[in-house]
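> Next up is a structure, given as structure tokens.
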Amino acid sequence: MKNLFYAFLFFFCIQSVQAKDGYDLWLDYSSIKTPAIRSEAESFFSGIYFFGKNPTYNAIQFEMEKAIPIMIGKSPIYATDRINSAKMWLGTREELAQVIGLDQQMEIKNLGDEGYWMGPIEFQGKTYFSIIGNKPIGVLYGVFRLLQEIQREQIDFKEELSDSPKVKIRMLNHWDNLDRTVERGYAGFSIWDWHKLPGYVDPRYIDYARANASIGINAVSLTNVNANAWILRPDFIEKVKVLADIFRPYGIKVYLTARFSAPIELGGLETADPLNSEVAAFWKEKVGMIYKAIPDFGGFVVKANSEGQPGPHEYGRNHAEGANMLADALAPYKGLVIWRAFVYSHEIDEDRHKQANLEFEPLDGKFKENVIIQVKNGAIDFQPREPFHPLFGAVKSTNLGMEFQITQEYLGQATQLVYLGTFWEEVLKSNTYRPKSSSTVAKIIDGTDTGQKLTLMAGVSNIGTDRNWTGHLFGQSNWYAFGRLAWDPYLSSEKIAEEWSELTFGPKLSGIEKIQGIMINSHEAAVNYMTPLGLHHIMGRSHHYGPGPWVEGGRADWTSLYYHRAGSDGIGFDRTSSGSNALNQYAPEIAEVWSDPKKIPEKYLLWFHHLPWDFELKSGNSLWKEITLHYDQGVKSSRSFLQTWQSLENVIDEERFDHVNQLLKIQIKEAEWWRNACLLYFQTFADRPFPSEIEQPEGDLEYYKSLSFPFAPGIKPNW
Ligand code: BDP
């Protein structure tokens, strides 16, 4: 008896501990409390009928078997024999038509390969709740949506609901090295266990695929853009094949990063010149070998001639010549080349902001059809806030894709709660004025205003081996938000925060709106205590952890001084016509307004202008005062997040409460560190006192400068 008691206690403890450690992400199904929803769900899930058989339907079954017992306390029951003994129908439009001869009045056809429709279908006097797609993957997406609606306890089974993705390739870019370190990764090691593959299949691979499919992510590039050619060896392709086979039923295609010099490193050639016939033959042979193992392989992601990576420039060739050679090798298999526009060099005497446009605008129209140019959201490098990249809208005949960074390299890494949905929404809603006067970035990347068919949104992954996947629990919200915005770049970040928080903490959690409030305000807070008013690139050298406005020496474009240009005369980077004239790369409507320091949105002020410390802002404050107020406000906001979080102590499970509570305390310290270090440093140029309304920055500038973090995560150690 006693043993039984302990066994029970043990089981109970394991259950409650494991249930809330964050591993289950937003798929943390819970018991449905609303009686009407519960009883209807119970009825539908007691007669599920699949109109066909395929691995994706098996994945649906697997998901239902996970979710339904938790949601309604009973296992799903399948109506395998007769369709009219069923209560819920799942299948494709064609399957349905074949079996029941249903005329397609439902406008499913227009929803494309991945769209879904759900709602009641009347047939021979009976009603069936149905989820229909054009392809099985649409049905899977529909089922995930249904489970989410039930989990959020807001479903009305009588209503019709349909959706389809607006962007074709919705992709995670892992910056994972073959030794399992992750460049700019803050959540442990790479989840790809290359050493144990192909023999050992970590169950995590399936959970990873489930999570991605549940938010519509349909592509993953497995390896670092700073690529290692070994991934293209046959023994590694055998390992990659295992992952591709697991991901396939979930609608996810695998891509790899291709190192441009692989013909030399793997092929023993003396050159990687894209116009050399042996080089082209090398790539054709490689691609053929890959497709033999992985018939639906997605293609290559390439970083070339940037930050020391090899590329076509070594041979006097341009990016189009490099990309097109790979595109030719992939074209017979419908594979793609995703060529990154993150190209700049310190050897070019030109503002880094301008370099990608200078490189790619003249090549407009020269890329093959199966090439997409992947452009970071801003022209410098995933800074806490950046104006949109001027390439969006600048080319007419080139496929452009968006690259966001989910991993928080410049936004607090894994110690800070920074919800990125609001920032990405700001970028996507930015009006580029090209090709139409109403063209937003979203309308360019989903092809609405460009007619582009091959569309892409990529996000640099924040996933690692940490039990909760992303290091910080709220890092999960960024993975989630990325998937949702890639599916529909017009969604509001507030709505996404609502969805994620309800799925993660339960829709009935009292005070859930407080969590949403923290999320919505968190990005602005971080920008305030890191880089307000358009400041940028003033972080610690190399690891990018914490402030480093004093960083100088070495490559100029990797220093802080290059970007903030603070001096006794003022601060900021003049990118108007009197400076680098980067503004000229934007549409005239933007260049005109932003050239005027009185008219430009103040959040971009010092990005484009070098201004005296006494320059007067809209508030009537001087620039110096306004900078100090922003830094101070950032710290205050981060303190308010902790206070709000602590008011939820009794409603959130202990483990997750404590995890976030500890990290928010670190965040406050880091916010104070940013404020103190930056203000003390800038004060040496401004030569003005701190205004009395702010908390006076503490400490000694020399102390902040002396801090070093040789073991900061996310970079390959070089000792
Ligand atoms: C920068 C990162 C660097 C990446 C690079 C890239 O610091 O580690 O390799 O971006 O995007 O932000 O290629």
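> Give me the percent of DSSP beta bridges within the stretch 19-163 that run antiparallel, rounded to the nearest 5.
Taking every DSSP beta bridge with both residues in the stretch 19-163, the antiparallel ones total about 55 percent.
> Further question: Got a number for the accessible area of S438? Probe 1.4 Å, square angstrom, nearest 10.
It works out to around 60 Å².
> Collect residues whose amide H, placed 1.01 Å from N in the peptide plane, falls under 5 Å from the amide H of K376; neighbours closer than 5 in sequence don't count.
Those lying under 5 Å, H to H, from K376 are A341, F342, E403.
> Determine the distance separating the Cα centre of the stretch 45-89 from the Cα centre of the stretch 236-290; give it in Å without decimals.
Spelled out, the Cα-based centre of one part sits 40 Å from the other.
> Round to the nearest 0.05 the FRET efficiency obtained for S578 and E693 when R0 = 41 Å and r is the Cβ-Cβ distance.
The formula returns an efficiency of 0.75 here.
> To continue, here is another question. Going by a ≥ b ≥ c, the root eigenvalues of the Cα gyration tensor, does the stretch 556-624 fall in the rounded group (a/c under 1.5), the prolate group (a/b larger than b/c) or the oblate group?
Taking the square roots of the gyration eigenvalues as a ≥ b ≥ c, the stretch 556-624 is oblate.
> State in Å² the accessible area per residue of the chain; use a 1.4 Å probe, count heavy atoms of protein chains only, and round to the nearest integer.
Using a 1.4 Å probe on heavy atoms only, each residue of the chain averages 39 Å².
> Give or take rounding to whole Å, what are the principal axis extents of the alpha carbon atoms in the chain, in descending order?
Principal axes ranked by extent give 82, 67, 55 Å for the Cα atoms.
> Based on the alpha carbons, how large is the Rg to Rh ratio for the stretch 485-582 when Rh follows Kirkwood?
Rg/Rh: 1.15.
> If N is the number of residues in the stretch 169-494, what value comes out of its Cα radius of gyration divided by 2.2 N^0.38 Å?
The stretch 169-494 yields a ratio of 0.94.
> Roll a 1.4 angstrom probe over the protein heavy atoms and tell me the percent of accessible area of the stretch 584-687 that is carbon or sulfur. Walk me through the numbers before you get to the answer.
Working: 2130 of 4410 Å².
Roughly 48 percent of what the probe reaches on the stretch 584-687 is carbon or sulfur.
> Defining a contact as two alpha carbons under 8 Å apart and six or more residues distant in sequence, what relative contact order in percent does the stretch 169-494 show?
19
> While we're here: Just how much of F44 is accessible, in Å², when a 1.4 Å probe is used and the result is rounded to the nearest 10?
30
> A further question on this structure: For a paramagnetic label modelled at 7 Å from the Cα of I520 toward its Cβ, which residues of the stretch 489-513 fall within the zone defined by backbone nitrogen distances under 15 Å?
Label zone hits: 492-502, 511-513.
> By how many degrees, between 0 and 90 and to the nearest 10, does the Cα long axis of helix 204-214 differ from the longest principal axis of the chain?
The answer is roughly 90 degrees.
> Give the residue from W339, A379, L663 lying farthest towards the positive end of the charge dipole for the chain; charges sit on Cβ (+1 for Lys and Arg, -1 for Asp and Glu) and the dipole is referred to the Cα centre.
It is W339.
> Let me have the 222 nm mean residue ellipticity of the chain computed from DSSP H runs of 4+ only, each contributing -39500 (n - 2.57), with the sum over all residues rounded to the nearest 500.
-12000 deg cm²/dmol
> How high is the relative contact order of the stretch 19-163, given as a whole-number percent (alpha carbon pairs under 8 Å, six or more residues apart)?
Relative contact order of the stretch 19-163: 25 percent.
> Quick one: work out the % antiparallel among DSSP beta bridges in the chain, nearest 5. Let's see the in-between values first.
Numbers: 17 of 56 bridges.
Taking every DSSP beta bridge within the chain, about 30 percent pair in antiparallel fashion.
> What does a probe at K33 reach in the stretch 496-537, counting residues whose amide N is under 19 Å from the point 7 Å along Cα→Cβ?
Correct set: 498-517.
> Which percent of the accessible heavy-atom area of the stretch 169-494 goes to carbon and sulfur, probe 1.4 angstrom?
50
> Rank G517, S560, I496 by how far each Cα sits towards the positive end of the charge dipole of the stretch 489-563 (+1 on Lys, Arg Cβ; -1 on Asp, Glu Cβ) and give me just the farthest.
S560
> Determine the gain in length on full extension of the stretch K292-K334; use 0.36 nm per residue of separation and subtract their C-alpha separation, reporting nm with one decimal.
13.8 nm
> What FRET efficiency do you get for S397 and Q662 if R0 is 41 Å and r is their Cβ-Cβ distance, rounded to the nearest 0.05?
The calculated FRET efficiency here is 0.20.
> Taking 0.36 nm per intervening residue step and subtracting the Cα-Cα distance, what contour gain separates E159 from L363 on full extension?
Values: separation 204, 0.36 × 204 = 73.44 nm, distance 4.91 nm.
The span from E159 to L363 would gain 68.5 nm if fully extended.
> Roughly how many nanometres apart are two label points built 7 Å out from the Cα toward the Cβ at S492 and F711?
A separation of 4.6 nm, rounded to one decimal place.
> Let me ask something else about it. Take E347 and E314, extend 7 Å from each Cα along the Cα→Cβ direction, and tell me the distance between the two endpoints in nm.
Inter-label distance under the simple model: 1.2 nm.
> At E42 and A556, where each label point lies 7 Å from the Cα along Cα→Cβ, what is the point-to-point distance in nanometres?
For the pair E42/A556, the computed spacing is 7.3 nm.
> Using a 1.4 angstrom probe on heavy atoms only, work out the carbon and sulfur share of the accessible area of the stretch 19-163 in %.
Numbers: 3030 of 6300 Å².
Result for the stretch 19-163: 48 percent of the exposed heavy-atom area is carbon or sulfur.
> For a protection proxy built on the mean count of beta-carbon atoms within 10 angstrom, sort 491-503, 681-693 highest first, please. It would help to have the intermediate numbers written out before the result.
Values: 491-503: 20.5, 681-693: 14.8.
The densest-packed peptide leads the list: 491-503, 681-693.
> Using just the alpha carbons, could you tell me how many Å³ per residue the convex hull of the stretch 426-567 encloses? If you can, show how the numbers build up before the last one.
On the way: hull volume 24.7 nm³, N = 142.
Considering the Cα atoms of the stretch 426-567, their hull volume per residue is 174 Å³.
> Moving on to the next point. Quote the relative contact order of the chain in percent (integer), defining contacts as alpha-carbon pairs under 8 Å separated by 6+ residues.
With pairs under 8 Å counted, the relative contact order is 12 percent.
The values are calculated or read from the model by the stated rules, or taken from the named source; none is laboratory data. If you're wondering where the values come from, they're calculated on a predicted model, not measured in any experiment. Don't worry about glycine lacking a Cβ; one is built from the backbone with ideal geometry, like all the others, and counts go over all protein chains shown. Each accessible area value is taken on the protein alone, full model and side chains, heavy atoms only, with ligands, DNA and RNA left out. Shrake-Rupley method; radii C 1.70, N 1.55, O 1.52, S 1.80 Å.
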